[in-house]
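One structure is given below, encoded as structure tokens.
The values are calculated or read from the model by the stated rules, or taken from the named source; none is laboratory data. Predicted model only: the values in this text are computed from it and were never measured. Counting neighbours? That spans all protein chains shown, and the Cβs are built from the backbone with ideal geometry, glycine included. Note: accessible area is taken over every heavy atom of the protein model, side chains too, but ligands, DNA and RNA are not part of it. Shrake-Rupley method; radii C 1.70, N 1.55, O 1.52, S 1.80 Å.
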Amino acid sequence: MRKSVIFVADSLDNAHKFQQVLSGLDVEVAAGSSAQLKNLLVQHPGYDLVVYEARGEALGRVAQAESLLLEDGSAALLVIVGEDQLGELRLPVQVKSDFVVHGASPDECAARIRQLLWPGNESSASDFVAVDALTINLATYQVNVAGEPLDLTYLEYALLAFLVTHPGRTYSRDALLRRVWGFDYYGGSRTVDVHVRRVRAKLGPDLAQHLETVRGVGYLWSA
């Protein structure tokens with residue numbers, strides 16, 4: 001089941017950064033200011049994580065956020081805190097929680113979110129491949145286009161992931177059958193054409209241009 005995240009921040013810099021971070025993960029996001037926290041929790045039941053910017057006076061409301069989460073179930077909390085406030089920070093002890101310092105890199109923020117949402121299945125930066133608006137998580141088999149998940153069958157995903165991770169190299173249909181479908185596949189090589197058409201259609205016209213046909217040879221993904 002897709003995870004649900006509530007993002008609460010009052011600063012534009014964090015709002016912009018975490019919008020980018022969360023768009024690269026397989027999550028649904030509801031966002032608002034700290035004043036909207038209670039309403040967001042009511043409007044989006046079943047959430048899995050709250051990302052809460054606790055800079056300035058909001059730091060004193062971390063305990064209140066913990067109480068709200070305890071009322072609703074087992075959601076986790078990621079607190080964004082200023083480095084000068086670390087001495088005052090007291091993380092909740094009754095809910096699963098972590099913190100990230102304001103100004104942390106997007107990779108660090110994403111790693112801490114993954115640790116809270118998918119403990120034991122964290123992906124490293126090397127698991128992500130990005131081309132224009134396309135992002136592939138090789139660890140979780142998830143594909144996003146402009147932040148929206150792409151609904152692919154396993155073979156469609158495997159074909160796309162293989163070509164994207166081998167850019168600029170042309171593969172014949174038979175080579176793709178061996179590398180993607182496996183040695184035990186006994187169907188005709190034209191099945192590759194069918195899957196390429198489906199993948200192109202789902203990618204949309206802009207991204208589909210990267211999946212090129214090399215006449216008389218096969219297919220390649222152009223960078």
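Summary of values
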item: Potential lengthening between Glu83 and Gln64 on full extension [0.36 nm per residue; Cα-Cα distance subtracted]; result: 4.7 nm
item: Placed amide H near Ala133: partners under 5 Å, 5+ positions off or other chain; result: none
item: Spin-label pair Val93/Gln115, simplified geometry with 7 Å Cα→Cβ offset, distance in nm; result: 2.0 nm
item: Calculated [θ] (222 nm, deg cm²/dmol) that DSSP helices of n ≥ 4 give over the chain, each run adding -39,500 (n - 2.57); result: -9500 deg cm²/dmol
item: Lys202 accessible area, 1.4 Å probe, all protein chains in place, Å² to nearest 10; result: 80 Å²
item: Shape category assigned to segment 3-117 from the gyration tensor of Cα positions, a/c cut at 1.5; result: rounded
item: Calculated from backbone phi, Karplus (6.51, -1.76, 1.60) coupling profile of segment 14-30 in Hz, x at Gly/Pro; result: 5, 4, 5, 5, 6, 4, 5, 4, 5, 5, x, 10, 7, 9, 9, 10, 10
item: Thr140 versus Arg2: modelled label distance in nm, points set 7 Å from Cα along the beta carbon direction; result: 1.2 nm
item: Phi to ³J(HN,Hα) by Karplus 6.51 cos²θ - 1.76 cosθ + 1.60 over segment 216-221, Hz, x for Gly, Pro; result: x, 10, x, 9, 8, 9
item: Value of relative contact order over the chain, rounded to a whole percent, pairs C-alpha under 8 Å and six or more apart; result: 14 percent
item: Carbon + sulfur, % of accessible area of the chain - ligands and nucleic acids excluded, 1.4 Å; result: 49 percent
item: Separation of the Gln43 and Arg198 label points, Cα + 7 Å toward Cβ, nm; result: 3.8 nm
item: Difference of contour (0.36 nm per residue) and Cα-Cα distance, Gln209 to Ala31; result: 60.7 nm
item: Extension gain, Ala133 back to Glu148 (0.36 nm per residue minus Cα-Cα distance, nm); result: 4.4 nm
item: Rounded FRET efficiency, nearest 0.05, which uses the C-beta distance separating Gln20 from Ser172 and R0 of 41 Å; result: 0.60
